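The block underneath contains the structure these notes are about, expressed in structure tokens.
The values are calculated or read from the model by the stated rules, or taken from the named source; none is laboratory data. What you see is a predicted model, and the numbers here were worked out from it, not measured in a lab. Don't worry about glycine lacking a Cβ; one is built from the backbone with ideal geometry, like all the others, and counts go over all protein chains shown. Just the protein is used for accessible areas: all its heavy atoms, side chains included, with ligands, DNA and RNA removed. Shrake-Rupley method; radii C 1.70, N 1.55, O 1.52, S 1.80 Å.
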Amino acid sequence: MSTNRRDFIKFVVVGSVAAGCPVDLSLLSAETATPATPTVEGEDNHICHQVRDGKVFNRPAASKHHDVVIVGGGVSGLTAAHLLRHRDFLLLEKEPHFGGNAYLMEYQGNAYATGAAFTAKDENAYQFAKSIGIEALPIANWDGSILKGEFVPDTWGEGLDRLPYSPAVRESFKKFRKEMLAVDVRNRSKELFAVPITDFLKGYAPEIKQWWDAYGPSNWGATTEDTAAALVIYEMQSIASEKRSDERCTWAGGLGAITKKLAETLAPDFPDRLQAGATTVAVVPGKGNVEVTYMQGSELKTVSAKAVIMATPKFITRRIVEGIPEKQSAAMHQMRYIPYPVVNLIFDKPVFNKGYDTWCPGNTFTDFIVADWVVRNQPGYRQKFNILSFYTPMKEEDRGYLLSEGSARKIAANVLRDFQKLSPGFNVDPLEVHIYRRGHPLFMSTPKLFTEVQPLVRRPMDRVFFANTDSEGPVSTTGGGITAARRAVKEVESRLAGKPARRETAVVAG
């Protein structure tokens, strides 16, 4: 796409660059042929970087007291607040909105995802959503792929006979499928979680590795070299077995529908206990309570609580919670996270509606989703905008590209360029291009993480308890965040009932 064509397209850049930062920058270019100076709104990175670098803030005395303080307003923190409605809780969220990785946005009333996309009927996120009054709609469409310019529906099912490769490569795909379906994952679980999937890819066509090098980063943050073998084999048995059943479901705009509902339900009853734009900088266990210091606007505030739930990524948790046992802190430090922007292309005409989730190995993005897929056949529905959500996981070392509006816009432009090159019918300019950037949203499901690291990082301290999606596994899911919240709330209730924490306790400050 030429520079002149791109200049007519409106680009919008939003979202935090790094967890723990009060950053929600917006870039808005004028809808003219002359590139305009970007407009930036929101705070900068300085607080986040000070926390990262170990700055000790001068903490004011506690001004309020609560039963529980919840740090983090994503799905895990919101679920914890929902379960603690009978308690005096305070929820602190660094962003100006709630939702975390499951955050729904809208364009002229049309919802689209900026992160978590779907769940399944056999997962707890589905049942939890029903319990709060929303029910997901079925996807009923196995993932396709665009390979060599051709759309292949149901890649690992009927699509194997339609792969635009040589007969030898197609046979290699079929052989890989057959051999992975024969692996007894349950009885070999410990072994398979300890080795990378590359140990099982030797001798197969390189196109298979390329496909999983797109699928892995999008779903669990890692390419095949860093992916536990159990994950790929389990996925193969879910999407390619003869007895498979597509139980996946979602809403228009993805799983942000759950966090939106939670926030809307809690806000009327607890307007003063849901604090957005509040960046926590210190969590200090004491004798009989925990003090939490946070910055809201330019003001530092401290509150005390009988218990604290950290519904935040572990890499920031270990920096702001004092007294974490050494082994537990080391395990948190061992966890790795990838930067993960999501780019939404908004078209005013139908461009692609052939499948829900389509994989595109070898491109800037890994896959894209049709935002209104599950509502497109609802009575009376007419697609006004064809919104496509492009998942664009990046390498750890490329996180810096998300720091500036200019480089973030370039990432979005590259996604548009790659999409338009996929097929002749895609060479259409969108009305707008939105990129939602996150610097550390997805933990990498590396070998031994699930079996050795995560059980250690979620161990409760005396009055500090750990939730968030990275507390569970083996992959980051909305359901995992809900599970983590339920566990943490149960631990909190036990502690408030006078029972000691079940494992290692904090090193008490002072």
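Using the Cα centre of segment 55-169 as the reference point, and only Cβ charges (+1 on K/R, -1 on D/E), how large is the resulting charge dipole? Debye, rounded to the nearest 20.
Once rounded to the nearest 20, the dipole reads 700 debye.
Non-local amide H neighbours of Glu432 (under 5 Å, H modeled in plane, Pro and chain starts lacking H): which ones?
Correct list: Ile346.
Which three lengths, in whole Å and largest first, does the chain cover when its Cα atoms are put on their principal axes?
Taking max minus min along each principal axis of the Cα atoms, the chain gives 69, 60, 45 Å.
Which far-off residues, 5 or more places away or on another chain, put their amide H under 5 Å from the one on Ala102, with H placed in the peptide plane?
For Ala102, whose amide H was placed from the backbone, the distant partners under 5 Å are Val75, Ala116.
Given Cα pairs under 8 Å that are at least 6 residues apart, what percent is the relative contact order of segment 86-126?
Relative contact order comes out at 25 percent.
Relative to the Cα centre, what is the charge dipole magnitude of segment 310-442, using +1 at the beta carbon of each Lys and Arg, -1 at the beta carbon of each Asp and Glu, and rounding to the nearest 20 debye?
80
Among the listed pairs Lys327/Lys448; Lys10/Lys94; Lys94/Lys395; Lys94/Lys327; Lys174/Lys202, which have their C-alpha atoms separated by more than 20 angstrom in this model?
In this structure, Lys10/Lys94; Lys94/Lys395; Lys94/Lys327 lie more than 20 Å apart at Cα.
Got a number for the accessible area of Ser63? Probe 1.4 Å, square angstrom, nearest 10.
Counting only protein heavy atoms, Ser63 exposes about 90 Å² to solvent.
With an 8 Å cut-off on Cα pairs and a minimum separation of 6 or more residues, tell me the relative contact order of segment 143-232 in percent.
Relative contact order here is 23 percent.
P(r) of segment 316-460 in 10 Å steps, Cα pairs, percent per bin?
Percent of pairs per bin, in order: 10, 32, 25, 19, 11, 2.
Hey, can you grab everything whose amide H is under 5 Å from the amide H of Ala278? Only 5+ residues off in sequence or another chain; H modelled, so Pro and N-termini drop out.
When sequence neighbours closer than 5 places are left aside, the close amide H contacts are Glu93, Lys94, Glu95.
Report the charge-dipole magnitude of the chain in Debye, nearest 20, computed about the Cα centre from +1 at each Lys and Arg Cβ and -1 at each Asp and Glu Cβ.
880
State, as an integer percentage, the relative contact order of segment 377-510 based on alpha-carbon contacts under 8 Å between residues 6 or more apart.
Across segment 377-510, relative contact order equals 16 percent.
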